[in-house]
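Submitted below is the structure of interest, expressed as structure tokens.
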Amino acid sequence: MSSAFYSSSRVFVVLQLTRIIFVDAIVLKLQVETLHKPVNCTEKSVHRNILTVHYTGTTLDGKVFDSSRKKNRPVTFRIGVGEAMMGWEEGLINMCVGEKRMLIVPPNLAFVAKPGYKTVAPSDSVLQYEMELLKIDKSPPSNAEVFKEIDLNSDRKISRDEMSIHVKKLLRWYQNQDSVLDYEKIRAKLDKVDENVEKIFNRKDIDKNGYISYAELYGLVPKKYDEF
């Protein structure tokens, strides 16, 4: 084997490895492109809003696999609580009513986090979604919706890990808002999440079984007091 051939082979291998790394980097990251944005945007979508959207989902070769427009039936869901696929949860924040976006969703974000919610999207594929935001409903979530949001595995009880994840998510959301809490206060609370979760469990875990039920979370179970 000549040295020239050996050198060119090495270059070829390096280029192939670079290409693989580059493709992997793209596939693992959500891409968002704004197709249209209204001149007047008086309100934007935030965590826990109820959104009504039209969408058309296609594979990268342009094949349509699902479309609310073809059905003439927009979909409504509360964002940030696991009711929509993860790519939508991330890609539809800070969006104006009437705005249109293209979401390029990698396979690792093309799933619904909460059990019981499904998607018809092809598995193990990079997907494209053309989205239009039709309506924002700012109604706060009900107690039942909040409990479902915290109860990640839907076993009707909240563990310390689930409560910790929920508290961290809320605090990080506040960091990106015009919140009454300043950044340093939020940073301090994030540093003490485990301590605060223990305080929550000391108050709410009435039967001391290591979990918080719906009734315990919302004070529907009478507290037990030591007998004199």
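Filter segment 174-197 down to the residues that are over 30 Å from residue 156 (Cβ atoms) and not in a helix (DSSP H, G or I), then identify the one that is modelled with the highest pLDDT.
Looking at the filtered set, the residue picked out is 182.
Would you check which residues across segment 52-72 are under 27 Å from residue 136 (Cβ atoms) and out of contact with any strand residue (DSSP E or B) (no Cβ under 6 Å at 6 or more places or on another chain) and list them?
Matches in segment 52-72: 70, 71, 72.
Of the residues in segment 198-228, how many are modelled with pLDDT under 90 and in contact with a strand residue (DSSP E or B) (Cβ under 7 Å, 6 or more places away or on another chain)?
Going through segment 198-228 one residue at a time, the tally reaches 0.
Of all the residues that make up segment 45-70, how many are without any contact (Cβ under 8 Å) to a residue 40 or more places away in the chain and among the hydroxyl-bearing types (Ser, Thr, Tyr)?
Selection size over segment 45-70: 2.
Among the residues of segment 77-91, count how many are part of a strand (DSSP E or B) and in contact (Cβ under 8 Å) with a residue 40 or more places away in the chain.
So the count comes out to 1.
For segment 99-115, check the following and say yes or no: at least one residue is part of a loop (DSSP other than H, G, I, E, B) and at pLDDT 95 or above. Give the derivation first.
Quick first cut of segment 99-115, residues part of a loop (DSSP other than H, G, I, E, B) only: 99, 106, 110-111, 113-115.
Now restrict to residues that are at pLDDT 95 or above: 99.
Yes, that holds for at least one residue.
Let me ask another. Return the residues of segment 69-92 that are within 8 Å of the chain's Cα centre (by Cα) and of a type in the set (Val, Ile, Thr); say none if nothing qualifies.
Residues satisfying the conditions are 79, 81.
Next question. If I ask for residues that are of a type outside the set (A, V, I, L, M, F, W, C) and touching a strand residue (DSSP E or B) at 6+ places or on another chain (Cβ under 9 Å), which ones from segment 74-88 would you list?
Within segment 74-88, 74, 76, 78, 82, 83, 87 qualify.
Matching residues to (1) outside the structural domain of residue 63 (by TED's automatic domain parsing); (2) surrounded by 14 or more Cβ atoms within 10 Å (Cβ to Cβ); (3) closer than 21 Å to residue 65 by Cβ; (4) in contact (Cβ under 8 Å) with a residue 12 or more places away in the chain:
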{"position": "127", "(1), (2), (3), (4)": "no, yes, yes, yes"}
{"position": "149", "(1), (2), (3), (4)": "yes, yes, no, yes"}
{"position": "152", "(1), (2), (3), (4)": "yes, yes, no, yes"}
{"position": "156", "(1), (2), (3), (4)": "yes, no, no, yes"}
{"position": "161", "(1), (2), (3), (4)": "yes, no, no, no"}
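The values are calculated or read from the model by the stated rules, or taken from the named source; none is laboratory data. Since this is a predicted model, take the numbers as computed values, not measurements. Cβ atoms come from the backbone with ideal geometry, glycine included; neighbour counts cover every protein chain shown.
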